[in-house]
1. Enumerate the pairs (first residue in the stretch 234-257 and closer than 20 Å to T219 by Cα; second residue anywhere and among the basic types (K, R) and surrounded by fewer than 17 Cβ atoms within 10 Å (Cβ to Cβ)) with beta-carbon separation below 7 Å, excluding pairs fewer than 6 apart on the same chain, so at least 6 apart or on different chains.
2. Within the stretch 163-191, count every residue that is under 15 Å from A448 (Cβ atoms) and among the β-branched types (V, I, T).
3. State which residue pairs qualify: first residue touching a residue at least 24 places away in the same chain (Cβ under 8 Å) and within 14 Å of L530 (Cβ to Cβ) and inside the stretch 449-477, second residue charged (D, E, K, R) and assigned to a loop (DSSP other than H, G, I, E, B) in any location, beta carbons under 6 Å apart, and separation of 6 or more residues or different chains.
4. Is there a residue being over 25 Å from the mean Cα position of the chain (by Cα) and among the aliphatic types (A, V, I, L, M) anywhere in the stretch 550-571?
5. Give the number of residues within the stretch 379-410 that are in contact with a Leu (Cβ under 6 Å, 6 or more places away or on another chain), among the basic types (K, R) and assigned to a loop (DSSP other than H, G, I, E, B).
6. Hey, could you check the stretch 534-549 for residues that are under 24 Å from P499 (Cβ atoms) and of a type in the set (A, V, I, L, M) and say which is farthest from the chain's Cα centre (by Cα)?
7. Quick one: in the stretch 416-432, of everything that is within 17 Å of the chain's Cα centre (by Cα) and of a type in the set (V, I, T), which residue is farthest from A263 (Cα to Cα)?
8. Taking helices (runs of 4 or more DSSP H) that do not extend beyond the stretch 433-492, which have at least 1 residues that are under 15 Å from the mean Cα position of the chain (by Cα) and not hydrophobic (A, V, I, L, M, F, W, C)?
Amino acid sequence: MIIRCSLVVLFGWLAGNSLAASSLAASTLSSPDQHLQLTVELSAQQQLVYSVTRDKQTVILPSALGLQLDTADFTQQLKLKQASSVKLVTDTYEMLVGKRRINHYAANEQVLTLENARHQKMDVVFRVSNDGVAFRYIVSDPAVKFKKFIKEATAFSFDDKARAWLQPIAVAQTGWSNTNPSYEEHYLMNIPVGTTSPSRAGWVFPALFNSGDNWVVLTEADMDGSWHASRLQAASAGGVYQLGTPMAAEVFTDGKTAGALLAESSNSLRSPWRIIGIGSLPDIMNSSLGSDLAAPAIKVDAGIVKPGHASWSWALLKDDFTTFEVQKKFIDYAADMHWEYTLIDADWDKKIGYEKLRQLVEYGAAKNVGVLVWYNSSGAWNTTKYSPKGQLLTAAQRKQEFTRLRGIGVKGVKVDFFAGDGQSMIAYYIAILKDAADAGLLVNFHGATLPRGWARTYPNLMSMEAVRGLEFTTFDQKDQDAVATHAAMLPFTRNLFDPMDFTPMVFADIPKIERKTRNGFELAESVLFLSGIQHFAEIPEGMATVPAYVKSFLQTLPVSWDDSRFVDGYPGQFVVIARRAGKAWYVAGINATGSDKQLNLDLSFIGDKKAQMMIDGDSNRAFVQQPVQAAKETRITIKPQGGFVAVFE
């Protein structure tokens, strides 16, 4: 049994009866446009429960809320002590990395204060925006002296007819050189809710669901290093998904001592925002909730925050080509393509060295190409041998190394092989980002967790892997065979809110692999995938095989976007997205299915502009140009595993 009362009645009643409010306790909070409605209440068993409707259709069924700490239980025997007035929260912020430059956020907010049987208090902050619901827990009661996280009761309950698109998370300490988990698994697509994860470690964020007319995406944001990263538990019987925690090995360690796995604090304990994006598929795809709820940007020298494109030898050539002469050639390649960066990968310290690196940096600077270098993050948490290794573990080491790099003129670092999602590991990410910002360096994390809004908070964060990227398709044919549907999933999930270093685009051959995607598909990824620095996998020899108009397109491709708009698509099957830079709209699409995809696209928002569309020809490696007119009904046919790009200027 759940007892309800209206918000107005509740406020009036609480005003004179705040000490005895536990017998009622219900609150309804709506979005500014009134389409979404959140109901929070105490059950007859005195447990905190919430549900969400959109246009009177239930999207999230009654689901549990609450925290259990080692000395305070906020999952049962609760009383509502206070409900704040509802206030409108607004925010406007700028990002150079993401789907749009200027972002606006508006949500109605209410704070509920709960008291448990021991008279300890917890606040739960709720927000409802037009595109979703968010909430977070705050325990600042001085009566709870040391606050150590035990578990979280938060759940998300779906109708049993709902469907899910989910990525399993690998078990810690498995995989190559014990480098898991790295958010690098294939998605299970369009599965029944309640399906158990094939990994006992659970499912990663963002998690995508479809329930009737509504789409739902679950994630979290505002990770400041004080809390562990969460996930969905492996079991979800009855369509009830519960928040899970990292595995024991997912912590920072020097081999002697290990950092904290779960959140704890002697002061205030504040969870990240738990985010439920809700709406039509276009609503979800156009949303920026993942960054809206992230913390504002730290102070960073604006002169270093320069998104761009990068050449990169390792994707196709691997370890043996991290040499001085090859990297010099790739600087020439970047200069020819008018790209901003070249990335020098693992073992550069042994095969090139610091002094030769300085020469490469100076050579690149003369050609307006910045140099990025790779680092191995790991201490004792995996068995990787690549170097430089273990040079970023302490603040003193980072200061020394970053100062040295900046003195050489290096623009940024790619840091690889993290241990997972424990609190101490999340704190390690944050420490690297802050120290790199102080040193004037850009950052790209690989073998890593999901960014969860960090690109807003740390403007020097250009990208993160956290995806089964193109490199896997160079290792094994089975990954190449699956890459089209995998790529068609990513704009709906992994790349929905956060930058993603998939390292896309190969036009020629992959050694020892039969490529399955057409060249139009590969070209479209350059627009569809969002990354502050887009590291292109293609090498000079492959680039030489494409028509001049394709090369010209890649030489002038914008490095950041003013706006983005979802045009059409379905997760894992096809996707068409339009992105604007200045007055020009770049429209790109891919078809992951095995047959022609005939689309009738509404491009009327572009106006009456025309373009020469680059699309697949008769063979997998052929391009053709076709005229296309932006209109209410723009008809385009995409070949199987093919794609297109059109620039309307």
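All of the numbers you see were taken from the coordinates with simple rules; none came from a lab. All values derive from a computational prediction rather than experimental measurement. We place every Cβ from the backbone using ideal geometry, glycine too, and count neighbours over all the protein chains shown.
1. A234/R200
2. 2
3. Pairs found: P451/D498; S463/D501; E465/D501; V467/R494.
4. The first filter runs over the stretch 550-571 and keeps only residues over 25 Å from the mean Cα position of the chain (by Cα), leaving 550-553, 555-556.
Subsequent filtering for residues that are among the aliphatic types (A, V, I, L, M) retains 550.
Yes: the stretch 550-571 contains one or more residues that are over 25 Å from the mean Cα position of the chain (by Cα) and among the aliphatic types (A, V, I, L, M).
5. Residues meeting the conditions: 0.
6. Going residue by residue through the stretch 534-549, those that are under 24 Å from P499 (Cβ atoms) are 534-539, 543.
From what's left, of a type in the set (A, V, I, L, M): 537, 539, 543.
Working: A537: 21, I539: 27, M543: 29 Å.
So the residue we want is M543.
7. Ranking the candidates gives I430 first.
8. Per the criteria, 454-457.
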